[in-house]
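Heads up: the structure comes next, in structure tokens.
The values are calculated or read from the model by the stated rules, or taken from the named source; none is laboratory data. Keep in mind it's a predicted model, so treat the numbers as computed, not measured. A quick note on method: Cβ atoms are made from the backbone with ideal geometry, for glycine too, and the neighbour counts reach across all protein chains shown. Surface areas here come from the heavy atoms of the whole protein model, side chains and all, with no ligands, DNA or RNA. Shrake-Rupley method; radii C 1.70, N 1.55, O 1.52, S 1.80 Å.
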Amino acid sequence: MNILETKKEITARYPAGYIFMLTGLSGIGFFCLFICSLLAPPEQKTEIIRLIFGISVILLILSIGFKRYKIILNSDGVMEVPVLGKKKQIRFEEIESASLRRSKAISISGRKCKIYIDPAVTGYEQIFSVLSDKGFI
């Protein structure tokens, strides 16, 4: 019995722990920014504040992006909603190649785009088994 027959679609996302960690690190960064602004020597305050603020903003953007990132596998094909950018969709009949990379990420190439599925996402094993059952990997 095929996994897609029992479940209409498989949605893979980064684990909540990743998002919680990045959000927590952003909060810690903003807290450090506040402490450094109070305790740092005047000649170093500006550099320290810029560095911590920059790191905090990057982590905050990544945490928002990881919430957005998902891979949806349904009976038609594979769709990726990336951290940044437009959605990509490859129908099963459009798949030219699918392979495993060194990092165990699945790389799916279509006529117009490529989709990479990170092994850290929650539905990775299900997607891998469906693609291997269909003979792509």
Counting only protein heavy atoms and rolling a 1.4 Å probe, one gets per residue an accessible area for region 60-123 in Å² of 58
Between Ser75 and Phe30, 0.36 nm times their residue separation minus their Cα-Cα distance comes to what?
-> 11.8 nm
Quick one: net charge around Arg13, please, counting Lys, Arg +1 and Asp, Glu -1 for every other residue with C-beta under 11 Å from its C-beta.
-> +2
For Phe20, placing the label point 7 angstrom along Cα-to-beta-carbon and taking region 107-122, residues whose amide nitrogen sits under 19 Å are 120-122
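With r defined as the distance between the Cβ atoms of Glu93 and Gln126 and R0 fixed at 25 Å, what FRET efficiency is calculated, to the nearest 0.05? Numbers along the way, then the final one.
On the way: r = 21 Å, r/R0 = 0.84.
Result of the calculation: an efficiency of 0.75.
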Linear extension gain, Ala105 paired with Asp118, 0.36 nm per residue minus alpha-carbon span = 4.2 nm
What is the dipole size for the chain, taken about its Cα centre, with +1 at each Lys and Arg Cβ and -1 at each Asp and Glu Cβ, in debye to the nearest 20?
-> 240
For Leu38 and Ile58, calculate 0.36 nm times their separation in residues minus their Cα-Cα distance, and state this gained length in nm to one decimal.
-> 4.9 nm
Between region 54-106 and region 24-41, what's the alpha-carbon centroid distance in Å?
-> 33
Most fluctuating residue given options Pro42, Pro15, Pro82, as computed from a GNM of the chain linking Cα atoms under 10 Å = Pro42
Carbon and sulfur: what percent of the chain's accessible surface (1.4 Å probe)?
-> 61
Excluding residues on the same chain fewer than 8 positions from Lys112, give the aspartates and glutamates whose Cα lies under 12 Å from its Cα.
-> Glu94, Glu96
Where a ≥ b ≥ c are root eigenvalues of the Cα gyration tensor, a/c under 1.5 meaning rounded, otherwise prolate if a/b exceeds b/c and oblate otherwise, region 80-137 counts as oblate
re region 1-117: pairs of Cα atoms spaced beyond 20 Å account for a percent value of 58
Quick one: angle between helix 16-39 and the longest Cα principal axis of the chain, in degrees between 0 and 90, rounded to 10, please.
-> 10
Loop GluC sites (Glu not before Pro), region 36-137, which have at most 11 other Cβ atoms in a 10 Å radius of their Cβ (DSSP) | Glu96
